[in-house]
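The values are calculated or read from the model by the stated rules, or taken from the named source; none is laboratory data. All values derive from a computational prediction rather than experimental measurement. For neighbour counting, all protein chains shown are included, and Cβ atoms are generated from backbone atoms with ideal geometry for every residue, glycine included.
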Amino acid sequence: MRIYTRTGDAGDTGLYGGQRVRKDNCRVEAYGTVDEANAVLGIVATQLENDTELREVIYTLQRELFTVGADLATPLERDSQKATVPRIEGSHIETLEGWIDRLEESLEPLRNFILPGGTPAAASLHLARTVVRRAERAVVTLLDEDPEQTNPDTLRYLNRVADLLFVLARSANQRAGVPDVPWSRHNSSPDGL
């Protein structure tokens, strides 16, 4: 099988079920941004080679983000015809909340805002978080434009993923013995220069 099909050369792409849409369609933007977040998490996984626990969380998130992408790429009416596309459900969200709660127990309470940084893994987790927030905004647009054909749990799930990535970034720093980078309105650099 060839990787190129030439079917998208005119600026359109196929959704699951065969419907063709423009590549700048809000549905494509939503699942494309989820795919981008997943790619950033692939980078994170390479930076956590010595932390099996956090790396396994990342791998689970990657698998579930693939499900989010499939969910968003498949209008609900198309799925009812085939019933083969996995969907994000409340149980996925509850799992994320459990991870957040468990990881936060070992972290110092936040007393101020922090800047993205610390270890390379933490910095990459913050990058992934911002991409997920962009995906979340794209899903808001999709829900506004096509609410009857979009699973609203994808929005809740992405919101919780972004929260989890923030906590994972702090955990990655803590486990490496590197402090979070505090933000201060009186200090323009982490070194106080």
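Quick notes on this structure:
- Only residues that are β-branched (Val, Ile, Thr), in contact (Cβ under 8 Å) with a residue 40 or more places away in the chain and assigned to a helix (DSSP H, G or I) were counted across the stretch 128-162, and they come to 6.
- Condition check for Ala128: modelled with pLDDT of 95 or more and touching a helix residue (DSSP H, G or I) at 6+ places or on another chain (Cβ under 8 Å): yes
- Applying the condition of being in contact with a strand residue (DSSP E or B) (Cβ under 8 Å, 6 or more places away or on another chain) and either modelled with pLDDT of 95 or more or surrounded by fewer than 13 Cβ atoms within 10 Å (Cβ to Cβ) (or both) to the stretch 143-193 and asking which residue is nearest to Glu104 (Cα to Cα) yields Arg170.
- Scope the stretch 98-114; condition surrounded by 13 or more Cβ atoms within 10 Å (Cβ to Cβ) and acidic (Asp, Glu); matching residues: Glu104
- Check on Gly117, exposed (fewer than 11 other Cβ atoms within 10 Å of the Cβ) and either modelled with pLDDT of 90 or more or touching a His at 6+ places or on another chain (Cβ under 7 Å) (or both): no
- Cβ-Cβ under 9 Å pairs, at least 6 apart or on other chains, the stretch 98-126 side on the phi > 0 side of the Ramachandran plot, far side assigned to a loop (DSSP other than H, G, I, E, B) and of a type in the set (D, E, K, R): Gly117/Asp180; Gly118/Asp180
- Candidates Pro147, Pro116: the one that is of a type outside the set (A, V, I, L, M, F, W, C) and over 17 Å from the mean Cα position of the chain (by Cα) is Pro147.
- Filter result (assigned to a helix (DSSP H, G or I) and either β-branched (Val, Ile, Thr) or over 11 Å from Gly117 (Cα atoms) (or both)) within the stretch 167-182: Val167, Leu168, Ser171, Gln174, Arg175, Ala176
- Members of the stretch 65-75 that are surrounded by fewer than 20 Cβ atoms within 10 Å (Cβ to Cβ) and at pLDDT 95 or above: Phe66, Thr67
- Conditions (1) touching a helix residue (DSSP H, G or I) at 6+ places or on another chain (Cβ under 7 Å); (2) of a type in the set (Ser, Thr, Tyr); (3) farther than 30 Å from His186 by Cβ: number failed by Ser91: (1)
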